[in-house]
Amino acid sequence: MRGVRLREMPAEPQSTAPHTFAAPVEGLETGVLLHRSRHADTVLAEWHGLPVVAKRIREDVAGEHERRTAGQGILREGLLLRRVEHPSIVRVVELVHDPATLVLELCPGRTMREELRLRRRLPATELARVGSQLATALDHLHRRWIMHRDVKPANVMYDGERAMLIDFHLAKEPGPMRGGAGTRLFAAPEQILGGHVTPAADMWGLGIVLYRAASGRLPFHADTGHPQLTTRPAPALDRLATSRFGGDLARAEQDLPEELATIIDHLLALDPELRPTADEAHQLFDSYLRDVEAEALETA
Ligand SMILES: Nc1ncnc2c1ncn2[C@@H]1O[C@H](COP(=O)(O)OP(=O)(O)OP(=O)(O)O)[C@@H](O)[C@H]1O
Ligand SMILES: [Mg+2]
């Protein structure tokens, strides 16, 4: 590929050979495959010379119905993303209808998942800044009555300065839902169990991202692999019988400022109504950042 160098790749590529789509799109030059999910391939690409990422249904999806559904999913994601505009939400460069291809701006940096694999934890100020940016992005979505429903480290791009939300394929309006949507160990209990799901479910996801960035671990045990537990909330696996909060940072991470630990623990409140809204979370993180700045000035 011309402009996009391997060193700058945002994710671990699946292979270093360029990935080709069977039905090419004019103006789109494809590079390496970044990610293959159950329904889509995401590749590094150039759109008329501009570095981008292209998401397209996997060519090995079998069956007319499955292919149509997967294609519609990609178009839905693109149409929904076009309704929003925020510095911490990935932007659509082009949405090609046939073959359904979503062309997105290339977000700088790497996924938060990879970032935390390399750095394990983020220092408090950086953590609060990430929290504030993602909370404003969620506030922008929630005001438009959209829930992301899959907020997790692999769906956040981060370059050390700005965190950006990607992957809107599960995004939806709030309302009654069957259980099970989202990623286990990251999805809110009410989203896993089913019922009336509100924007508070995304605040739980934000809580998990920040919990991991604060402590280097997830608040809940890994999947036990027990079939009957896969539809139960991961929190049920441990401390939830005795606590109103899924998080325990204030107690477990003594070196984390208590104010910050408390915000994150509240994002992980089991009762969705007890979680701060996106707007409240944004204000809480900003107020923490202002306090830190004021203290630094005092001691200078
Ligand atoms: N705009 C972007 N800029 C840079 N990298 C991106 C971008 N969009 C996606 N990626 C990379 O591709 C990966 C897959 O993207 P995305 O999560 O949207 O696909 P998906 O098929 O819905 O995946 P899954 O269902 O497994 O979460 C991301 O984890 C990230 O590494
Ligand atoms: Mg994803």
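Here are the numbers for the structure shown:
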{"read-out": "Pick from the range 162-183, criterion surrounded by fewer than 18 Cβ atoms within 10 Å (Cβ to Cβ) and in contact (Cβ under 8 Å) with a residue 40 or more places away in the chain, ranking: farthest from ligand 2 (Cβ to nearest atom)", "value": "GLY179"}
{"read-out": "Top-ranked residue of the range 146-171 - restricted to ones that are within 14 Å of ligand 1 (Cβ to nearest atom) and over 10 Å from the mean Cα position of the chain (by Cα), ranked as nearest to ALA200 (Cα to Cα)", "value": "ALA171"}
{"read-out": "Residue satisfying condition, being assigned by TED's automatic domain parsing to the domain that holds GLU190 and farther than 27 Å from ARG212 by Cα, within set ARG82, ARG144", "value": "ARG144"}
{"read-out": "Out of ARG113, ARG129, sole residue that is part of a helix (DSSP H, G or I), within 15 Å of ligand 2 (Cβ to nearest atom) and among the basic types (Lys, Arg)", "value": "ARG113"}
{"read-out": "Candidates LEU80, LEU116, LEU50, LEU138, filtered to the one that is crowded, with 16+ Cβ neighbours inside 10 Å and more than 30 Å from TYR288 (Cβ to Cβ)", "value": "LEU80"}
{"read-out": "ARG67 being farther than 21 Å from ARG162 by Cβ, surrounded by 16 or more Cβ atoms within 10 Å (Cβ to Cβ) and at pLDDT 95 or above", "value": "no"}
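This table checks each residue for (1) closer than 16 Å to GLU94 by Cβ; (2) assigned by TED's automatic domain parsing to the domain that holds HIS97; (3) away from ligand 1 (no atom under 12 Å from the Cβ); (4) outside any helix (DSSP H, G or I).
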site	(1), (2), (3), (4)
HIS35	no, yes, no, yes
THR42	yes, yes, no, yes
ALA45	yes, yes, no, yes
GLU59	no, yes, yes, yes
ALA62	no, yes, yes, yes
HIS65	no, yes, yes, no
ARG68	no, yes, yes, no
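This table checks each residue for (1) modelled with pLDDT under 50; (2) more than 22 Å from THR125 (Cβ to Cβ); (3) surrounded by fewer than 23 Cβ atoms within 10 Å (Cβ to Cβ).
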| position | (1), (2), (3) |
| --- | --- |
| VAL197 | no, yes, no |
| ALA200 | no, yes, no |
| GLY216 | no, no, yes |
| THR230 | yes, yes, yes |
| ALA236 | yes, yes, yes |
| ARG239 | yes, yes, yes |
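The values are calculated or read from the model by the stated rules, or taken from the named source; none is laboratory data. Note that this is a predicted model, so its numbers are computed, not measured. When we count neighbours, we look across all protein chains shown, and the Cβ atoms used for this are built from the backbone with ideal geometry, even at glycine.
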